[in-house]
Amino acid sequence: MEDWLIGIIDEFGYIGILLLIAGENIFPPIPSEVILTFGGFVTTTSSLSIFGVVIAATAGSVIGALVLYGIGQQLDVVRLEKMVDKWGHLLRLKRNDVYRADQWFDKYGPWTVFFCRFVPLIRSLISIPAGMSNMPLPSFLSLTTLGTLIWNVVLVNLGASVGASWEEIVHYMDVYAKIIYVLLILLFIILIGMFIRKRKRRM
C-alpha cells in the first residue's frame, strides 16, 4: 500500500495529498502517517512546499470529516432508539442510555472532537458521534480544522526534517498508535465495568 500512496503523491502532488487524506478520514486503515511524513520528505526533493502540503492535507481532512459528520447526522437519536429497542437487550442497553450518551457528547463533545484529532483511528471516527449529536457545524469545523492542522504541521515538518529517513517517523508513529490502542481498550473495559456496576445497583 505504501508504494501506491507514494506513487500518487509523486504524480499528483497537492491534489493527490488532498484526496488521499480525505480518503484516510473516511477509510481509517489508510495510514495518514505515511501520507504526511512522505509528503514532508517530498518537499525536500520537489517544488512542493511544507505550507502547501499542510494546507492540502488539512483541506482533505476537513472534507473527509464532513462526510462522516453527515453520516452521523443520518444516525440521529430517534434512529438509535429504534436500534436499541430492537437489539439493545443483547448489550443490556436501554433508551435512557442513548439519552445519557447524547447529553454527555452535548456537554463534552467540542473538546472531545479536538483532542481526538491526535488519536489514530479515533481521529476520523469521532466525526460520526459529532454528527449524531447535531454538534453545531461551525464549532465542528473550527475544532476539527485546528486539531487537524496541528497534527499535520507536526508530521509534515518531521518528514521534511528527517528527509530520506521519513520511514523512521512512520515506525515511531506505529508504536504511538499501539500504545494509544492499548490505553483505549483499558479505558473501554473500565467504562464497561462501571456501567455494569451501576446497572446492578439499580436492579
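With a point put 7 Å past each Cα toward its Cβ, work out how far VAL67 is from PHE118 in nm, to one decimal.
Reported label-point gap for VAL67 and PHE118 is 2.7 nm.
Equivalent ellipsoid semi-axes for the range 1-65, as square roots of 5 times the alpha carbon gyration tensor eigenvalues: give them largest first, rounded to whole Å.
Working: eigenvalues 58, 34, 15 Å².
Each semi-axis is the square root of five times an eigenvalue, giving 17, 13, 9 Å.
Sorted by average packing, counted as other Cβ atoms within 10 angstrom per residue and highest first, what order do 34-45, 60-71 take? Write down the numbers at each step before the final one.
Working: 34-45: 23.8, 60-71: 20.7.
For the peptides 34-45, 60-71, the packing ranking is 34-45, 60-71.
FYI, it's all coordinate maths here, none of it is from the lab. Small disclaimer: the values here were computed from a predicted structure and weren't measured. Ideal geometry is used to build each Cβ from the backbone, glycine not excepted, and the neighbour counts take in all protein chains shown.
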